[in-house]
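Let me begin by presenting the structure, written as structure tokens, before commenting on it.
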Amino acid sequence: MVSSVIAVSCCMLTSCDTPVGQGAAWGAATGAIIGGAATGNVRAASIGAAAGAAAGALTGKIIEENQAAQYGPPPPAGYPYARWAGRPGFYYSPYTDRVYDLRGVPPGGLTRDVDTGRLFRKP
């Protein structure tokens, strides 16, 4: 019972693509496993999951802020989105129409156009 609840919770949380969401997901999974293994009851697993999610979200927020500092502040209108190039994972830059392979970039992730040096997002 406990392991199925943990597995379903982990699957729901791993769909997050931001560092905060990913940190919360990994923290919740780790906390639930540690809490359940230490005591063997559901209450401890849920307390461990909540504590782990909070700690993971804080860690993810720090990572996200460090990434933002690396790229600089976003433009007032936000970063433009690339356009699909007709093949899965390949997109046109909104600046130069160069095709980029963004298969390893999560949705909303930033990529730098090599011709202009400006950032854009993967849809």
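The values are calculated or read from the model by the stated rules, or taken from the named source; none is laboratory data. Predicted model only: the values in this text are computed from it and were never measured. The area values use the complete protein model at the heavy-atom level, side chains included, leaving out ligands, DNA and RNA. Shrake-Rupley method; radii C 1.70, N 1.55, O 1.52, S 1.80 Å.
Sort ASP113, ASP101 by heavy-atom solvent-accessible area, probe 1.4 angstrom, most to least. Can you show the working numbers first?
Working: ASP113 0, ASP101 80 Å².
Descending accessible area places them as ASP101, ASP113.
The 3J(HN,Hα) values that the Karplus relation (6.51, -1.76, 1.60; θ = phi - 60°) gives for region 36-47 are, in residue order, x, 5, 6, 10, x, 10, 5, 4, 5, 5, 6, 5 Hz. Gly and Pro appear as x.
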